[in-house]
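See structure below.
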Amino acid sequence: MLILLSNDDGIMAPGIQALRHALKGLAELAVIAPDRERSATGHSITVHHPIRAERVVFTGSPDCGWVVDGTPADCVKLGVCTLLNPPPDLVISGINRGANVGTDVLYSGTVSAALEASILGVASIAVSLNSFDIGVDYSYAASFTRQLCEQLMKKEISPDLLLNVNIPAVPASEMAGAAITKLGIRRYEDVFTERKDPRGKTYYWLAGDIVDDEQDEDTDVMALKNNKTSITPIHFDLTSYHQMHHLSQRLKPILK
């Protein structure tokens, strides 16, 4: 079995390196990740200039790796379609610094890497740790991801499997288990700070605080609040099915 590791924090980020070490012996590993942080790039892909990929060697490890000057989605697309032959059996994106819950999945480079794998017919997992601390410990998150893979590998993995996993950044003694969840609501009160550059031209810097909305108990947001790891199956099909019948009636005069 071949597992492709990617992320949006860069190939030498501690999260992906912790994951690489934790998965040793479980499967053959390939690492294809951006050359620098590409957080909040969403599902963007590079189409207007070349993508460069260079081999990288990890000290004391047989794992093959490529560093790519593109987006997380670029990395997975390049790996599945070109660099890896045969293609991977599973793609894992992460471990991301900071949670990706609710509507975060629409902006997240971490989730988009996993989503690109799903589009290409490869099962995938996006893994995030709920902390932005520079020195945060990834060992529990990496260990949990290995356990999750071991369970999934006991049977054939469906190629349309896409799991978004978010892990609390609390001591193991405070963990309250794991739960299968649905996407919650994650809104931000966006604030644009207006500034001037040295030439006197105006520019804006985006920041934002999380708005604490009410959540259903079975959401990923509430799982993290309750110190539970959330495992959310998601899909790239954004169709609003419950609106289809309503629209077919309301727009009947213009439908043929």
Segment 158-167, residues that are surrounded by 17 or more Cβ atoms within 10 Å (Cβ to Cβ) and either at pLDDT below 95 or touching a Phe, Trp or Tyr at 6+ places or on another chain (Cβ under 9 Å) (or both): Leu162, Val165, Ile167
Quick check on this structure: which one of Leu106, Leu115 is modelled with pLDDT of 95 or more, within 13 Å of Ile234 (Cβ to Cβ) and not hydroxyl-bearing (Ser, Thr, Tyr)? Leu115
What's the number of the only condition in (1) part of a helix (DSSP H, G or I); (2) within 21 Å of Asp160 (Cβ to Cβ); (3) of a type in the set (Ser, Thr, Tyr) that Thr103 fails to meet? (2)
Identify the residue in segment 72-103 that is at pLDDT 95 or above and among the polar types (S, T, N, Q) and, among all such residues, is farthest from the chain's Cα centre (by Cα). Thr82
Out of the residues in segment 53-105 that are touching a Gly at 6+ places or on another chain (Cβ under 8 Å) and of a type in the set (Lys, Arg), which is farthest from Thr145 (Cα to Cα)? Arg55
Search result, residues across segment 113-165 that are of a type in the set (Gly, Ala, Ser), under 16 Å from the mean Cα position of the chain (by Cα) and in a loop (DSSP other than H, G, I, E, B): Ser131
Can you confirm whether Ile231 is among the hydrophobic types (A, V, I, L, M, F, W, C), touching a residue at least 60 places away in the same chain (Cβ under 8 Å), within 26 Å of Ser112 (Cβ to Cβ) and in a strand (DSSP E or B)? yes
Segment 179-195 - residue that is of a type in the set (Lys, Arg), in a strand (DSSP E or B) and closer than 19 Å to Leu224 by Cβ and, of those, modelled with the highest pLDDT: Lys182
Would you tally the residues in segment 7-66 being β-branched (Val, Ile, Thr), buried (at least 21 other Cβ atoms within 10 Å of the Cβ) and modelled with pLDDT under 95? 1
Pairs, please: C-beta under 7 Å, at least 6 apart or cross-chain, first residue among the acidic types (Asp, Glu) and in segment 152-180, second surrounded by 10 or more Cβ atoms within 10 Å (Cβ to Cβ)? Asp160/Ser118; Glu174/Asn227
Please work out if Leu206 is outside any helix (DSSP H, G or I), exposed (fewer than 10 other Cβ atoms within 10 Å of the Cβ) and not hydroxyl-bearing (Ser, Thr, Tyr). no
Any pair with Cβ under 7 angstrom, 6 or more apart, that starts in segment 71-100 at a residue that is within 26 Å of Asp220 (Cα to Cα) and ends at one that is among the charged types (D, E, K, R): Thr71/Arg38; Pro72/Asp8; Pro72/Arg38; Ala73/Glu116; Val76/Glu116; Asn96/Asp8; Asn96/Asp9; Arg97/Asp9
So which residues in segment 71-89 are in contact with a helix residue (DSSP H, G or I) (Cβ under 7 Å, 6 or more places away or on another chain) and either among the hydroxyl-bearing types (Ser, Thr, Tyr) or surrounded by fewer than 24 Cβ atoms within 10 Å (Cβ to Cβ) (or both), if there are any at all? Thr71, Lys77, Val80, Pro87
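The values are calculated or read from the model by the stated rules, or taken from the named source; none is laboratory data. The shown structure was predicted, so the numbers you read here are calculated from the model rather than taken from an experiment. So basically every Cβ, Gly included, is an ideal-geometry build from the backbone, and we count neighbours across all protein chains shown.
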